[in-house]
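Student: After the structure tokens below, expect a handful of questions from me.
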Amino acid sequence: MHALDLTWLFAAFLTASVLTKLWLDTRQARHVSQHRDAVPAAFAQEVALANHQRAANYTIDKLNFGLVSTAVSTAVLLGWTLLGGLDALNHSLREAVYPRWGGLAYQLSLLGVFSLIGGLIDLPLQAWHTFRLEQRHGFNRMSWGMWLGDLLKQSLVGVLIGAPIAALILWLMGAAGQQWWLWAWGAWVGFTLLLMVVFPIFIAPLFNKFEPLQDTELAGRITALMTRCGFTAKGFFVMDGSRRSAHANAYFTGMGASKRVVFFDTLLSKLTHSEVEAVLAHELGHFKHRHVLKRMVMMFAMSLLGFALLGWLSNQIAFYNGLGVAPNIGVPNDALALLLFMLALPPFMFFVSPVFAHFSRRDEYQADAYACAQSSGQDLAGALIKLYKDNSATLTPDPVYVRFHYSHPPASERLAAMRALSPSNAAPAVPA
């Protein structure tokens with residue numbers, strides 16, 4: 001592998017990914033705008049024109065924000081790599097930290113300062129998204145104080161969680177020989193599984209309040225559904241999502257004994273008991289079809305390939321030179337290799353994302369079918385329409401954009417599939 005070849009390959013994939021994203025976003029904005037003035041016939045009785053137009057405006061504003069984010073992230077990526085930003089940062093920290101504190105301290109400082117700079121660059125975009133985009137469309141409920149408090153807690157949690165696993169992986173890279181990537185992958189898998197257990201118990205409560213579900217009638221329906229489906233959970237909890245956003249959701253979290261069902265309070269305020277039951281049946285469908293396990297296995301398999309590739313690239317001088325960095329001489333390059341790999345990977349993975357989106361949409365259809373069998377397809381359809389409307393999700397997305405980006409099927413296709421399963425049990429009517 002030659003450095004110049006890698007430079008051109010990286011530049012080509014970066015350019016292609018950015019141009020493809022711009023093309024898809026433009027298609028989506030044009031398609032949504034063209035259908036802004038009329039509610040699709042399938043939803044005319046359930047969705048008012050004002051709600052449909054609000055969703056169109058929200059979708060277009062998000063796309064415009066995405067264009068700005070893409071421009072900034074592309075400039076930052078080029079700045080870190082081919083324009084020499086990471087090389088300059090590495091040189092400065094190597095000279096300042098390594099002689100006094102040694103290799104591990106230098107490498108952790110490189111990861112830490114890189115993350116800090118990246119976070120500071122991203123901060124204005126995060127603020128704009130919350131206090132301009134989300135607030136303009138009536139979704140943001142956070143004050144600046146709450147937002148800054150969340151930012152501080154996220155930073156502290158990130159350090160407490162990220163520093164130990166980063167230190168362990170860096171140590172393995174230097175001490176475990178040529179097969180370090182296999183040991184590092186094993187450590188990362190174990191850490192990820194541990195985090196899934198402790199997150200709902202110790203981390204999530206730092207940001208939200210979780211109260212046991214007090215509605216005894218709803219709790220009884222949910223218990224009966226889970227018993228009927230052969231599932232158990234540690235408990236049913238209501239999360240105060242309304243303190244931060246008007247968006248609604250429900251999810252399973254945790255593993256083993258820590259697994260629990262969480263409902264946003266915004267969801268419970270918008271749906272009937274039977275609709276909540278149908279939404280939960282959909283989530284149970286994911287577990288019944290082992291979607292969560294399959295995605296986890298796929299994630300671990302992909303990460304194994306990633307660690308193996310990093311293990312090879314980290315020994316190639318062209319890998320560093322081709323991405324704008326001079327490798328260290330006599331000083332560990334492990335942190336430098338990690339950062340370069342994380343920076344260079346997204347442009348290449350961008351063109352793989354439609355494959356994962358396809359499998360995700362397939363899983364959603366299967367979960368919907370399970371929910372229709374275990375509860376009411378009509379209630380699930382009604383809940384989905386309410387959530388589409390309340391979350392200002394467009395009902396008229398561009399088909400190509402959907403195939404590339406959507407992890408869930410668009411509303412018309414999703415409800416048509418439900419109606420095909422049980423024409424008398426699903427609503428609304430969706431034209432063929």
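Student: Given springs between every Cα pair under 10 Å in a Gaussian network model of the chain, which of 55, 371, 167 has the largest fluctuation?
Tutor: 167
Student: Along the range 402-410, what does the Karplus equation 6.51 cos²θ - 1.76 cosθ + 1.60 (θ = phi - 60°) give for ³J(HN,Hα), rounded to whole Hz, x for Gly and Pro?
Tutor: Working through the residues one at a time gives 4, 5, 8, 10, 6, 7, 10, x, x Hz.
Student: Mind listing the phi-derived Karplus ³J(HN,Hα) values for the range 352-357, rounded to whole Hz, using 6.51, -1.76 and 1.60 with θ = phi - 60°, and x for any glycine or proline?
Tutor: Here the 3J(HN,Hα) series is 8, 4, x, 5, 5, 5 Hz.
Student: What lysines does residue 270 reach when the alpha-carbon gap must be under 20 Å and sequence neighbours fewer than 8 apart in one chain are set aside?
Tutor: 209, 386, 389
Student: Here is a follow-up. What translational D, rounded to a whole number of µm²/s, comes out for the range 68-175 from Stokes-Einstein when the hydrodynamic radius is the Kirkwood one over Cα pairs, at 25 °C and 0.890 mPa s?
Tutor: Calculated translational D: 151 µm²/s.
Student: Still on this structure: What residues qualify as long-range amide H neighbours of residue 245, i.e. H under 5 Å apart, gap of 5 or more or another chain, H built at 1.01 Å from N?
Tutor: The list, which skips near neighbours in sequence, is 141.
Student: Still on this structure: For residue 21, go through the lysines and keep the ones whose alpha-carbon is under 25 Å away, minus same-chain ones fewer than eight residues off.
Tutor: Within the straight-line limit of under 25 Å, residue 21 reaches these lysines: 62.
Student: If you don't mind, another one. So what's Rg/Rh here for the range 99-242, counting alpha carbon atoms and using the Kirkwood radius for Rh?
Tutor: 1.09
Student: Another question, then. If you put +1 on each Lys and Arg Cβ and -1 on each Asp and Glu Cβ, how big is the dipole of the chain around its Cα centre, in Debye rounded to 20?
Tutor: Rounded to the nearest 20 debye, it is 300 debye.
Student: Hey, another quick one. With Cβ to Cβ distances under 9 Å as the rule, what net charge do the other residues near residue 233 carry (K, R +1; D, E -1)?
Tutor: On the way: positive: 234, 259, 260; negative: none.
Residues near residue 233 contribute +3 overall.
Student: Follow-up question, since we're still on this one. Short version: ³J(HN,Hα) in whole Hz for each residue of the range 373-384, in order, from phi by Karplus 6.51 cos²θ - 1.76 cosθ + 1.60 (θ = phi - 60°), x for Gly and Pro, what are they?
Tutor: Computed from phi, the couplings for the range 373-384 are 6, 9, 9, 10, x, 5, 5, 5, 4, x, 5, 5 Hz.
Student: Return the loop-located chymotrypsin sites (Phe, Trp or Tyr not before Pro) in the range 322-431 (DSSP other than H, G, I, E, B) with at most 14 other Cβ atoms within 10 Å of their own Cβ; answer none if there are none.
Tutor: Passing sites in the range 322-431 are 351.
Student: Note the angle between two axes, namely the Cα long axis of helix 180-198 and the longest principal axis of the Cα atoms of the chain, as a number of degrees from 0 to 90, rounded to the nearest 10.
Tutor: 40 degrees
Student: As an exercise, find the ratio Rg/Rh for the range 370-412 from alpha-carbon atoms, using the Kirkwood inverse-distance average for Rh.
Tutor: The Rg/Rh ratio comes out at 1.03.
Student: Across the range 210-325, what fraction of all alpha-carbon pairs, as a whole percent, falls in each successive 5 Å bin from zero upward?
Tutor: Answer for the range 210-325: a P(r) of 2, 10, 16, 18, 13, 9, 7, 5, 6, 7, 4, 3, 1 percent.
Student: Over all distinct alpha-carbon pairs, what is the Kirkwood Rh of the chain in angstrom?
Tutor: About 24.3 Å for the chain.
Only the coordinates and a few stated rules stand behind these numbers; no lab work does. Nothing here was measured: the structure is a model prediction, and the numbers come from that model. Note that we place each Cβ from the backbone using ideal geometry, even for glycine, and neighbour counts take in every protein chain shown.
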